[in-house]
Protein chains: 2
Amino acid sequence: MITSTLRRVLFWMVLLPGIVCADPLPSWQPGDTKRALIEFVEGTTTVGSEDYLPRSQRIAVFDNDGTLWAEQPYYFQLAYALERAEKADHSELPETLAKALERGDIATVLDSGVEGLTALLALSHANLSVADFQADVGQWLGTARHPQTERPYTAMVYQPMLELLSYLRDNGYLTYIVSGGGADFIRVFAEPVYGVPPWQVIGSLGELELVEEAGRWVTMKRPGVAWLDDGMNKPLSIERVIGQRPAIAVGNSDGDYPMLVWTTQGAGPRLGILVHHTDKAREFAYDRESHIGKLDKALDEAGPRGWIRVDMARDWRLVFPPQP
Amino acid sequence: MITSTLRRVLFWMVLLPGIVCADPLPSWQPGDTKRALIEFVEGTTTVGSEDYLPRSQRIAVFDNDGTLWAEQPYYFQLAYALERAEKADHSELPETLAKALERGDIATVLDSGVEGLTALLALSHANLSVADFQADVGQWLGTARHPQTERPYTAMVYQPMLELLSYLRDNGYLTYIVSGGGADFIRVFAEPVYGVPPWQVIGSLGELELVEEAGRWVTMKRPGVAWLDDGMNKPLSIERVIGQRPAIAVGNSDGDYPMLVWTTQGAGPRLGILVHHTDKAREFAYDRESHIGKLDKALDEAGPRGWIRVDMARDWRLVFPPQP
Ligand SMILES: [Ca+2]
Ligand SMILES: [Ca+2]
């Protein structure tokens, strides 16, 4: 009796998603790109298919900036750091940087090099607990607005990518973020916005220390970057944290090139996806010459390596979620 | 109609585990310890209970050596490193260490300090790909035997802990390993033996490099320890990888003390569990004076801090799984 009930339970667990979601990717235009995405997911999840993957191998990794949300005119985490640095005591910054900050000269700030940026980040990202940092980021995300669209930053996520994340999870994939941005920063909004829990966020790491304050042990953020999760480091952090090669990697810049190569060179079915910012009217158009999200080598190799190039202008019916 | 079916599905999903498993912890003796474990799990998973935790907060972290499997007369990963080093060209080891290795003098090997142990580990844990390393560990685990029990090492896991892991997972907990042992090593057997997938294994990390071999990109293990996941580093790796404070922490030595303190100081329901090796007849008896798995400070503080002390002799009906 249990067996027959169990069978019925399993039957409905399999069938329900199919009934509820007719088109799992409604914001994707019909065409080759959408077809290739669905074929890969159906091929790897249909029992008996030659590309079938057991659940333990259904891992998808997504870059964040420029892949899941926008990154122009500069990284949103940098917008946070700039706003906080302006209000903080920034008298110990190098003079050029302090002046650039005061007159809102972002180009000069971006050109201040690793040392300058590290000093700038330290004003907001160091010498407070992870919990306090995340509370402050949450407050900022609730009030800050993008300088051009005037949307909240969390409303500048890509609707088609939200659908792809859900579609993959509905098919038994674990969806990880693997970002050059800070893990502590992304974790503040990854779960409510992307449906990605904190433990599926991999990112850059600041120095961290366990300190005792009045008998209570607290994880404190310290100045300095302990791990910059970009380029060659992305496959390494995936190996270290996830412990296996993903089936799917999604990125938008040359910083994702090693992750895309390493993922798609694995045996069996693998999928590389490159988001190409081609839509000046609805978002931004940039690639080979951009200071942020430079896409050059990976763009050249997408074709030869069989990756899907997502042309935002052509493939997406909608870029951002409708605003309430 | 879908709604009524869905309701039935959910009803059975909730009820079935209760029907199938009358006693979730059959290898635990009845008594205070077993009662406290079950009360905590029921309190945190029963809707309406004042200790109720949503699933996103049900994280349990387990030390491995001495907590999930045995660690005497020395760590099993060290047994692997010693066997491989004996067979490898060890002419570049410091002379005292090389000679101790040849005559099987483990005490001298253990006393050779960080430099000696690093050189020893490099003979088996470096200059090969993660995939090749894991294949070799798998082969070793299939044939090696514990020097005293003559069991395979993977049969020296604790049956009561296997039941606790399953019981927690059946109640919506994610079960993580947070070990001083190497993550790459533990991942070889964590899924088949503990039911813990690779991405829920946190451990010590060797240096790692992404290299290209004949056009193929491979993650290569390199000499040196990049992260020693013990003591104060355990809370830091949990913060970095999981991104939140666990609800449950389980350990057996002073190396787990910071993890236990930090976990149980969190707001809301938290549980600390300390495995105390008291059973010389069935396993090993050691604590304050042991070179491996020293338990001193954490033992003193277990009572005042309200942690459960698991007395292996008193609380476990069975230590190791029955052998076929
Ligand atoms: Ca990017
Ligand atoms: Ca231990």
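Quick rundown of the values:
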| read-out | value |
| --- | --- |
| Given charges at Cβ of Lys, Arg, Asp, Glu: the protein assembly as shown dipole, positive-most of B:G180, A:S56, B:P30 | B:P30 |
| Only Lys, Arg (+1) and Asp, Glu (-1) charged, at Cβ; chain B dipole about Cα centre in debye | 1180 debye |
| Only Lys, Arg (+1) and Asp, Glu (-1) charged, at Cβ; the stretch A:64-218 dipole about Cα centre in debye | 480 debye |
| Amide H within-cut-off set for A:V275, under 5 Å, with H built and near neighbours excluded | A:G251, A:N252, A:V310 |
| Beta bridges per DSSP with both ends in the stretch B:246-324, % antiparallel, nearest 5 | 20 percent |
| FRET efficiency estimate (nearest 0.05) - Cβ-Cβ, B:I106 to B:D300, R0 30 angstrom | 0.55 |
| Range of Cα positions in chain B per principal axis (Å), largest first | 70, 51, 41 |
| Among beta bridges that DSSP assigns inside the stretch B:63-218, antiparallel share in %, nearest 5 | 50 percent |
| Peptide B:241-248, shielding by other chains (average Cβ, 10 Å cutoff) | 5 |
| Accessible surface ranking that places the most exposed of B:K99, B:K234 first, with a 1.4 angstrom probe | B:K99, B:K234 |
| Separation in nanometres of the label points that stand 7 Å from Cα toward Cβ, at A:A214 and A:S91 | 2.8 nm |
| Solution diffusion estimate, µm²/s, Stokes-Einstein, the stretch A:76-128, Kirkwood Rh from C-alpha pairs, 25 °C, viscosity 0.890 mPa s | 229 µm²/s |
| Helix-only [θ]222 nm of chain A, DSSP H runs n ≥ 4, -39500 (n - 2.57) each, per residue, nearest 500 | -12500 deg cm²/dmol |
| Highest average packing first - A:305-316, A:138-149, Cβ atoms within 10 Å | A:305-316, A:138-149 |
| Those aspartates and glutamates that a straight Cα-Cα span of less than 14 Å connects to A:K294, excepting residues fewer than 8 apart in one chain | A:D63, A:D65, A:E71, A:D230, A:D254, A:D256 |
| Mean separation of Cα contacts under 8 Å (6+ apart) over length of chain B, as relative contact order % | 22 percent |
| In Hz, Karplus ³J(HN,Hα) per residue of the stretch B:311-324 (6.51, -1.76, 1.60; θ = phi - 60°; x = Gly, Pro) | 8, 4, 5, 8, 9, 10, 6, 9, 9, 9, x, x, 7, x |
| Inter-copy separations for B:E213, label at 7 Å along Cα-Cβ, nm, ascending | 4.8 |
| Accessible heavy-atom area order of B:E213, A:E239, A:E209, A:E92, highest first, probe of 1.4 Å | A:E92, B:E213, A:E209, A:E239 |
| Distance between the stretch B:191-211 and the stretch B:28-57 - C-alpha centres, whole angstrom | 29 Å |
| Label geometry 7 Å along the beta-carbon vector: A:D296 inter-copy distances in nm | 5.8 |
| Ordering of B:42-54, A:48-60, B:162-174 by packing [mean C-beta count within 10 Å, highest first] | B:162-174, A:48-60, B:42-54 |
| Shortest-first distances to equivalent copies, position A:K99, nm, label 7 Å out along Cβ | 6.9 |
| Listed pairs B:K221/B:K297; A:K87/A:K221; A:K87/A:K280; B:K99/B:K234; B:K99/B:K297 exceeding 26 Å between Cα atoms | B:K221/B:K297; A:K87/A:K280; B:K99/B:K234; B:K99/B:K297 |
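The values are calculated or read from the model by the stated rules, or taken from the named source; none is laboratory data. Remember, predicted model here, so these are calculated numbers, not experimental data. Cβ coordinates were reconstructed from backbone atoms using ideal geometry, including for glycine residues, and neighbour counts include every protein chain displayed. These accessible areas exclude ligands, DNA and RNA; they are computed on the full protein's heavy atoms, side chains included. Shrake-Rupley method; radii C 1.70, N 1.55, O 1.52, S 1.80 Å.
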